[in-house]
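Engineer: After the structure tokens below, expect a handful of questions from me.
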Amino acid sequence: NISSQKITQSGLSATLNESEMLALKGIDALNKDAASILRESIADQYFKRNGFVALNGKCGVNCFDGVYIKGNQVVLSEVKPLASNNTIKLSDNLKSPNNIGVQMTDTWITTRVAELRSTGDAAKILAADTIERAMFDGRLVKIVSGVNENGMTFVKLVK
């Protein structure tokens, strides 16, 4: 869990455009899957509008919501609901049969990189290679993007 104190201390509000803010106004009325798609779409639009190049980091349900490059940095974005109490909850997959770890930890990222490679898709393998090199070189930035009807807040994760 990312506490409200952590979000208050180190969270950064994203500047969304009018159409994005309008789309978010109805997010609470959507079912879980539709709300998740909307949150990820808003985050993706934000990154692209701000000069980030998107890579294909999708490999199923437990993969990267966003993989972006800007300059020398590789950014992983995990998009989650920003709760009414100003907290964000990451999934804990340590109890899952494949033990892929807590989202955004190095263990989780490594297992997801392997999953991208296993798809055999050239674009996904490129994303996997890019993420792995950035981890090795210390250029990987991990961001949780908390989204609710009031907007989007970023929290940069550190080890």
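Engineer: Need the failing condition index for Phe64 against (1) open to solvent by 10 Å² or more (accessible area, probe 1.4 Å); (2) at pLDDT 85 or above; (3) within 19 Å of Glu40 (Cβ to Cβ), just the number.
Structural biologist: (1)
Engineer: Inside the range 13-62, can you point out the residues that are of a type in the set (Asp, Glu) and under 16 Å from the mean Cα position of the chain (by Cα)?
Structural biologist: Result: Asp33, Glu40, Asp44.
Engineer: Take the residues of the range 76-88 that are among the hydrophobic types (A, V, I, L, M, F, W, C) and open to solvent by less than 10 Å² (accessible area, probe 1.4 Å): which is farthest from Gly51 (Cα to Cα)?
Structural biologist: Among those that are among the hydrophobic types (A, V, I, L, M, F, W, C) and open to solvent by less than 10 Å² (accessible area, probe 1.4 Å), it is Ile88.
Engineer: Is it the case, given these coordinates, that Thr153 is outside any loop (DSSP other than H, G, I, E, B) and open to solvent by less than 30 Å² (accessible area, probe 1.4 Å)?
Structural biologist: yes
Engineer: Could you give every pair whose Cβ atoms fall below 7 Å, whose first residue belongs to the range 87-113 and is under 18 Å from Ala128 (Cα atoms), and whose second residue is assigned to a loop (DSSP other than H, G, I, E, B) and modelled with pLDDT of 90 or more, counting only separations of at least 6 or pairs across chains?
Structural biologist: As it stands, the answer is Arg112/Phe64, since those pairs meet every condition given.
Engineer: Which residues, counting only those in the range 10-60, are open to solvent by 50 Å² or more (accessible area, probe 1.4 Å), outside any helix (DSSP H, G or I) and without any contact (Cβ under 8 Å) to a residue 40 or more places away in the chain?
Structural biologist: Thr15, Asn17, Leu30, Asn31, Asn50, Val53
Engineer: Report yes if Val67 is farther than 15 Å from Gly146 by Cβ and assigned to a helix (DSSP H, G or I), otherwise no. Give the derivation first.
Structural biologist: Values: farther than 15 Å from Gly146 by Cβ: yes; assigned to a helix (DSSP H, G or I): no.
Answer is no for this residue.
Engineer: Hey, among the residues in the range 93-122 that are in a loop (DSSP other than H, G, I, E, B) and loosely packed, with under 13 Cβ neighbours inside 10 Å, which one's modelled with the highest pLDDT?
Structural biologist: Gly120
Engineer: Can you say whether Gly71 is within 19 Å of Thr130 (Cβ to Cβ) and open to solvent by 40 Å² or more (accessible area, probe 1.4 Å), as far as the supplied structure shows? Lay out the reasoning, then the answer.
Structural biologist: Values: within 19 Å of Thr130 (Cβ to Cβ): yes; open to solvent by 40 Å² or more (accessible area, probe 1.4 Å): yes.
In short, yes.
Engineer: So, Ala128, is that one buried (at least 21 other Cβ atoms within 10 Å of the Cβ) and assigned to a helix (DSSP H, G or I) or not? Before you say what the answer is, go through the steps one by one.
Structural biologist: On the way: buried (at least 21 other Cβ atoms within 10 Å of the Cβ): yes; assigned to a helix (DSSP H, G or I): yes.
Yes: the conditions hold for Ala128.
The values are calculated or read from the model by the stated rules, or taken from the named source; none is laboratory data. Note that the structure is a prediction, hence the values are computed from the model and not measured. Cβ sites come from the backbone with ideal geometry, for glycine too, and all protein chains shown count toward neighbours. Heads up: the accessible areas ignore ligands, DNA and RNA and are worked out on the full protein's heavy atoms, side chains in. Shrake-Rupley method; radii C 1.70, N 1.55, O 1.52, S 1.80 Å.
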